[in-house]
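Enquirer: Below is the structure I would like to discuss, written out as structure tokens.
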Amino acid sequence: SAAEKGGYDYFMLKEIAEQPQAIADTLLGRLSERGEIILDEVRLTDQDLRDVDKVFIVACGTSFHAGMIAKYAIEHWVRIPCEVELASEFRYRDPILDRSTLVIVISQSGETMDTLMALRHAKEQKARVLAICNTNGSTIPRESDAVLYTHGGPEIAVASTKAFLTQLAACYLIGLHLAQIRGVMYADEVAAVVEKLRQTPDGMRTLLDRMEEVRELARDLRTASTILFIGRHVGFPVALEGALKLKELAYMHAEGFAAGELKHGPIALIDEGTPVVCVVPSPAGRGVIRDKVVSNIQEVRARGARTIVIAEEGDEDVRAFADHLIPVPHTPTLLAPLMTTIPLQILACEIATARGNDVDQPRNLAKSVTVE
Ligand code: G6P
């Protein structure tokens with residue numbers, strides 16, 4: 001009913017709007033005044049976590065994209081190797097696992113069969129399994145050694161939005177927690193990131209308030225035959241997620257690429273007017289990756305692409321290469337997906353509704369897939 005949807009036409013729109021609060025809820029009670037991470041609820045001892053010499057992240061669909069982003073954060077902060085793998089591939093290739101391997105399984109529903117089978121395989125090999133899950137008491141957290149609930153609240157729309165961003169927040173918490181107890185980051189370094197994390201819901205609210213242009217753009221793109229998405233670093237999984245949302249909701253062909261890979265093949269797809277959504281990293285710091293993405297944008301533009309550029313507000317130089325510019329509030333590079341994903345969710349949702357699709361119940365898809 002309309003009441004259940006909180007006045008929105010679709011659950012998906014409601015869930016997109018709830019994202020700032022959902023992130024605040026994921027962080028709630030897990031950050032101290034002094035900016036430390038408090039994860040006593042995770043039933044793995046500090047010693048267990050100090051003994052970890054390798055991390056695997058295993059998930060499906062949108063949750064897999066959260067895992068891809070987490071890899072960048074965990075390796076950067078914790079300095080231990082972290083691999084990300086699709087649950088449906090993981091156990092069939094006989095991965096090397098032992099007592100000192102931490103396997104993080106990410107699942108909104110906690111019932112995805114592929115992820116559950118991967119978790120059982122990891123446990124058989126004696127790895128420690130930590131679940132990131134949104135559904136209390138579901139199978140995956142019950143069978144795991146430990147769980148961090150995302151506290152995002154029920155997600156009704158089939159395509160995942162707020163669950164995805166809360167999974168990211170949970171991954172950041174785990175990464176910082178590991179870095180803290182293993183002594184690889186100083187307390188003040190952790191506190192500085194925590195402060196930025198705390199500020200993200202405000203930035204997300206600001207961003208959500210100015211999505212009207214994205215909605216207009218979406219109506220314009222509804223007849224496109226394909227939309228391509230490019231990004232680097234954490235912007236690469238964001239590009240994959242943007243493309244996945246479009247496939248799921250709009251039933252349109254869409255693909256995400258690592259921007260640096262364009263020249264090795266995908267650039268051949270660019271034709272006059274091909275829409276290319278470009279996820280641009282922050283120019284803060286040395287801005288090396290940002291400059292690389294900007295030159296990739298120039299490359300696609302030179303071949304006729306219509307560029308839709310998601311960049312940090314104040315990055316005025318990108319304007320020259322953007323047919324449409326979508327500014328997002330500043331966040332440190334690793335946290336940027338909490339912002340840059342939002343316009344892509346709205347773009348997909350609005351293109352889908354402009355095409356007459358039911359975004360809450362896309363054809364052929366299920367909220368949770370309990371078969372292998
Ligand atoms: C299904 C859903 C996706 C979801 C995936 C993984 O395919 O349609 O939206 O990302 O399952 O679900 P999980 O509950 O394990 O995160």
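Enquirer: Hey, could you get me the Stokes-Einstein D for the range 284-372, Kirkwood radius over alpha-carbon pairs, 10 °C and 1.306 mPa s, rounded to whole µm² s⁻¹?
Expert: 102
Enquirer: So, how do all the Cα-to-Cα distances of the range 122-243 break down into 10 Å bins, in percent, from 0 on up?
Expert: Bins of 10 Å from zero give 10, 27, 36, 20, 7, 0 percent of pairs.
Enquirer: With N denoting the number of residues in the range 1-46, provide Rg(C-alpha) divided by 2.2 N^0.38 Å, to two decimal places.
Expert: So the Cα radius of gyration is 1.71 times the expected 2.2 N^0.38 Å.
Enquirer: If amide H atoms are built 1.01 Å from N in the plane of the peptide, which residues on other chains or at least 5 residues away come under 5 Å of the amide H of Glu312?
Expert: Long-range HN contacts for Glu312: Val328.
Enquirer: How much mean residue ellipticity at 222 nm does the chain get from its helices, if each DSSP H run of length 4 or more adds -39500 (n - 2.57) and you divide by all residues, to the nearest 500 deg cm²/dmol?
Expert: Computed ellipticity for the chain at 222 nm equals -13500 deg cm²/dmol.
Enquirer: Please give every one of the lysines within straight-line cross-link reach of Lys126, meaning a C-alpha to C-alpha distance under 25 Å, and leave out same-chain neighbours fewer than 8 residues apart.
Expert: Lys54, Lys71
Enquirer: Next question. Three principal axis extents, largest first, for the C-alpha atoms of the range 17-106, in Å?
Expert: That works out to 43, 36, 23 Å along the principal axes.
Enquirer: Ordered by packing density, taken as the mean number of other Cβ atoms within 10 Å over each peptide's residues, highest first, how do 139-148, 170-179 rank?
Expert: 170-179, 139-148
Enquirer: So the label point goes 7 Å from the Cα of Lys263 along Cα→C-beta, right? Which residues of the range 270-290 then have their backbone N under 18 Å from it?
Expert: 270, 288-290
Enquirer: Under a Cβ-only charge scheme (Lys and Arg +1, Asp and Glu -1), can you give me the dipole magnitude of the chain about the Cα centre, in debye to the nearest 20?
Expert: Once rounded to the nearest 20, the dipole reads 420 debye.
Enquirer: Relative to the first principal axis of the alpha-carbon coordinates of the chain, what is the inclination of helix 212-221, with its axis defined by its Cα atoms, in degrees from 0 to 90 and to the nearest 10?
Expert: 70
Enquirer: Val277's amide H: which non-local residues (gap 5+, or another chain) put their own amide H closer than 5 Å, with H modeled 1.01 Å from N in plane and none for Pro or chain starts?
Expert: For Val277, the qualifying residues are Leu228, Phe229, Ile230, Ile308.
Enquirer: So if I take the centroid of the Cα atoms in the range 102-177 and the same for the range 190-229, what is the distance between those two points in Å?
Expert: What the calculation gives is 25 Å, centre to centre.
Enquirer: Give me D for the range 36-184 in µm² s⁻¹, whole number, from Stokes-Einstein with Rh from the Kirkwood sum over alpha-carbon pairs, 25 °C and 0.890 mPa s.
Expert: For the chosen part, D equals 165 µm²/s.
Enquirer: At 0.36 nm per residue, minus the direct Cα-Cα distance, what do Glu41 and Thr223 gain on full extension? Give it in nm, one decimal, please.
Expert: On the way: separation 182, 0.36 × 182 = 65.52 nm, distance 4.86 nm.
Result: 60.7 nm gained on full extension.
Enquirer: Which of the lysines could be linked to Lys292 by a straight reach, that is with a Cα gap under 17 Å, when you skip same-chain ones fewer than 8 residues away?
Expert: Excluding near neighbours in sequence, the set is Lys263.
Enquirer: Cα axis of helix 61-78 to longest principal axis of the chain: angle in degrees, 0 to 90, nearest 10?
Expert: 70
Enquirer: Roughly what would the spin-label model give for Arg198 and Glu372, points 7 Å off Cα along C-beta, in nm?
Expert: 4.7
Enquirer: Between Asp271 and Asp94, 0.36 nm times their residue separation minus their Cα-Cα distance comes to what?
Expert: In short, 59.5 nm is gained.
Enquirer: Okay, next question. For Ile156 and Glu299 in the same chain, what is the full-extension length gain: residue separation times 0.36 nm, less their Cα-Cα distance, in nm?
Expert: 47.5 nm
Enquirer: List the aspartates and glutamates whose alpha-carbon lies under 17 Å from that of Lys367, not counting same-chain residues fewer than 8 positions away?
Expert: Counting by Cα, and skipping residues close in sequence, Lys367 has these aspartates and glutamates nearby: Glu15, Glu111, Asp114, Glu155, Glu241, Glu248, Asp358.
Enquirer: Over the residues of the range 74-156, compute the C-alpha Rg and express it relative to 2.2 N^0.38 Å.
Expert: With N residues counted in the range 74-156, Rg over 2.2 N^0.38 Å equals 1.08.
Enquirer: Moving to a separate point now. Expressed as an acute angle from 0 to 90° and rounded to the nearest 10, what is the orientation of the C-alpha long axis of helix 113-124 relative to the principal long axis of the chain?
Expert: 30
Enquirer: To continue, here is another question. Report D for the range 195-326 in µm² per second (integer): Stokes-Einstein, Kirkwood Rh on Cα pairs, 37 °C, 0.692 mPa s.
Expert: Reported coefficient: 216 µm²/s.
Enquirer: For the range 219-272, with the dipole built from +1 on Lys and Arg beta-carbon atoms and -1 on Asp and Glu ones, taken about the Cα centre, which of Gly235, Ser225, Ile270 lies farthest toward the positive end?
Expert: So the residue furthest toward the plus end is Gly235.
Enquirer: Same structure again: Place the peptides 334-341, 131-138 in order of packing, highest mean first, counting for every residue the other Cβ atoms within 10 Å and averaging per peptide.
Expert: Ranked from most to least packed, the peptides come out as 334-341, 131-138.
Enquirer: Taking all pairs of distinct Cα atoms, average 1/r, flip it, and tell me the Kirkwood hydrodynamic radius of the chain in Å to one decimal place.
Expert: 20.8
Enquirer: DSSP loop (so not H, G, I, E, B), at most 16 other Cβ within 10 Å: list which trypsin sites (Lys or Arg not before Pro) in the range 241-299 pass both filters. Intermediate values should be presented prior to the final figure.
Expert: Details: sites: Lys245, Lys247, Lys263, Arg286, Arg290, Lys292; in loops: Arg286.
For trypsin sites (Lys or Arg not before Pro) across the range 241-299 that sit outside H, G, I, E and B with at most 16 neighbouring Cβ atoms in 10 Å, the list reads Arg286.
Enquirer: By the gyration tensor of its Cα atoms, with a ≥ b ≥ c the square roots of the eigenvalues, what is the shape of the range 202-272: rounded for a/c under 1.5, prolate for a/b over b/c, or oblate?
Expert: Oblate shape, in that a/c is at least 1.5 and b/c is the bigger or equal ratio.
Enquirer: Of Phe164, Met117, Pro154, which is farthest on the positive side of the dipole of the range 103-230, counting Cα position, with +1 on Lys and Arg Cβ, -1 on Asp and Glu Cβ, and the Cα centre as origin?
Expert: Final value for the positive-end residue is Met117.
Enquirer: What span do the alpha-carbon atoms of the range 60-109 cover on each of the three principal axes, reported in whole Å from largest to smallest?
Expert: 27, 25, 16
Enquirer: Amide H to amide H, which residues 5 or more places from Glu85 or on other chains are under 5 Å from it, using H placed in the peptide plane?
Expert: The answer is Ile57, Val58, Ala59.
Quick note: the coordinates plus some simple rules give every number you see, no bench work behind them. These numbers were taken from a predicted model, which means no experiment stands behind them. Don't worry about glycine lacking a Cβ; one is built from the backbone with ideal geometry, like all the others, and counts go over all protein chains shown.
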